[in-house]
1. For a quick check: sort Thr116, Thr138 by the number of other beta carbons within 10 angstrom, fewest at the front.
2. What is the fewest-to-most order of Met41, Met175, Met84 by other Cβ atoms lying within 10 Å of their Cβ?
3. In what sequence do Thr30, Thr144 fall when counting other Cβ within 10 Å, fewest first?
4. Kindly state, to the nearest 0.05, the FRET efficiency for Ile40 paired with Val174, given R0 = 41 Å and r defined as their beta-carbon distance.
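Taken together, the values in this text are just the output of simple stated rules run on the coordinates, not laboratory data. Quick caveat, the model's predicted, so the values are computed rather than measured. Every residue, glycine as well, gets a Cβ built from its backbone with ideal geometry; the counts of neighbours run over all protein chains shown.
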Amino acid sequence: MIPTPRSDAGRDRREARRPAAAIRGESGFTLLELAIVMFIMGLMLSLVMPYLGGFRYAKLKSETRRLAGRESYLFDEASGQKVMLRLVFDIDHDGYWVARYDPFSPHPTDKEPVFTPDKGPGAQPVQLPPDIRIRDVTVEGIGTTNEGQAFCQFYPEGYVDATVVHLMDASGNVMTIALNPLTGQVEIAAGDVAPQKMYTQ
């Protein structure tokens, strides 16, 4: 008796009834396994997030000290070199730079002195990190500015415009920097301190 070849149609029907994962020899995740993985991920995020907030605040304090150091340097430079310097805050682009009064540049009136970018060793422009911004600048006699540019001036006679600057990070933390107009001393305070309170300290 000659054996008849088996039809492939039956085998195809049996293969079609088998699950796709069984055909590939793979196994999927159960709902319990997925729930456990999601729980572990959530636990890790809850542990990491406070450290991220602390890192942002540390960066904010670092940039605050950096600005305070620049202001102290400019006060000493202006009084020591007998020049007029201007610290310009670019609020829209979150940076600041230094300009020097140029007595030899022509200007339309005596009330409009000409300042040119300072090329001194301590006058390099500073761009704040992306998550730190200049919230506002208050200069006595001018008022509070929260957009565009603002500036304070350091005078050769040894005084400076009374100025309060607020820096803020992405988490909403605020640091306050104030310049004493007579002594040039820079005060740093954590939090949103009003200019009137800083001037009276």
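1. Fewest to most other Cβ atoms nearby, the residues stand as Thr116, Thr138.
2. Met41, Met84, Met175
3. Placing the least packed residue first, the sequence is Thr30, Thr144.
4. Once the sixth-power term is evaluated, E becomes 0.70.
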